[in-house]
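Notes follow once the structure below has been shown.
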Amino acid sequence: MATTTSNEGRPPYPPFTAETAQIKVKAAQDAWNTKDPSKVKLAYTPDSIWRNRDTFLTGRDEIEVFLTKKWQREQGYRLRKELFAFTADKIAVQFWYEWHDATGQWWRTYGLEDWTFAPDGLMRKRQMSGNDVKIADGERWFANNVDVNTVAISEKHW
């Protein structure tokens, strides 16, 4: 699998430390919260492999199409990611995001991601597993433009 990408690298680069893995996680969180598929896809190698629940994708073009449809369906999307574990070139992330569907029903998605990085710091593989839980508007954590990093999430949700 070719993962060489000239002039596209994304620091920090592997091998990761606790500090650099945390930086990578929060950079991904911030990028996804822009909901801009054309920019988000650039964090991945051109031939990146994804599994998102039951959907399998390869490459930036498929990633961009997938994210475009995702954010059209998941309105009001707000995401938080936290470092779960890491090795030299892999990072595991726990995440929560809230969104509403076309009827106005709010949802919270809980999940885990497994990331593998190329030497240039671009993600070459992403696997995501998640579960959607209906919530009432008053149960939202990420309402009213709150900084998602400041929301206290209790252990029962970790």
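The values are calculated or read from the model by the stated rules, or taken from the named source; none is laboratory data. Quick caveat, the model's predicted, so the values are computed rather than measured. No Cβ is skipped: glycine too gets one built from the backbone with ideal geometry, and neighbour counts run over all protein chains shown. Each accessible area value is taken on the protein alone, full model and side chains, heavy atoms only, with ligands, DNA and RNA left out. Shrake-Rupley method; radii C 1.70, N 1.55, O 1.52, S 1.80 Å.
Assorted remarks:
- Rounded tilt (10° steps) of 18-32 against the dominant C-alpha axis of the chain: 60
- Surface accessible to a 1.4 Å probe, V148 within the full protein complex, Å²: 10
- In a simple Cβ point-charge model (Lys, Arg +1; Asp, Glu -1; nothing else charged), the chain has a dipole of about 80 debye relative to its Cα centre.
- Relative to the longest principal axis of the Cα atoms of the chain, the long axis of helix 60-73 lies at roughly 10 degrees.
- Accessible area in square angstrom per residue, the chain, 1.4 angstrom probe: 52
- Exposure ranking of F117, F84 by accessible area [1.4 Å probe, largest first]: F84, F117
- Convex hull volume of the C-alpha atoms in the chain, normalised per residue: 113 Å³.
- Taking all protein chains together, F56, F86 sort by accessible area into F56, F86, largest first [probe 1.4 Å].
- Heavy-atom accessible surface of the stretch 74-127: percent carbon and sulfur, 1.4 Å: 58
- Rounded if a/c under 1.5, otherwise prolate or oblate - the stretch 60-128, Cα gyration tensor axes: oblate
- Cα gyration tensor shape for the stretch 22-79, rounded if a/c is under 1.5, else prolate or oblate: oblate
- Antiparallel %, DSSP beta bridges [both residues in the chain], to 5: 90
- Sorting Y13, Y97, Y110 by accessible area puts them as Y13, Y110, Y97; the probe is 1.4 Å, largest comes first, and only protein heavy atoms count.
- From its DSSP helices (H runs of at least four residues, each -39,500 (n - 2.57)), the chain gives a residue-normalised ellipticity at 222 nm of -6500 deg cm²/dmol.
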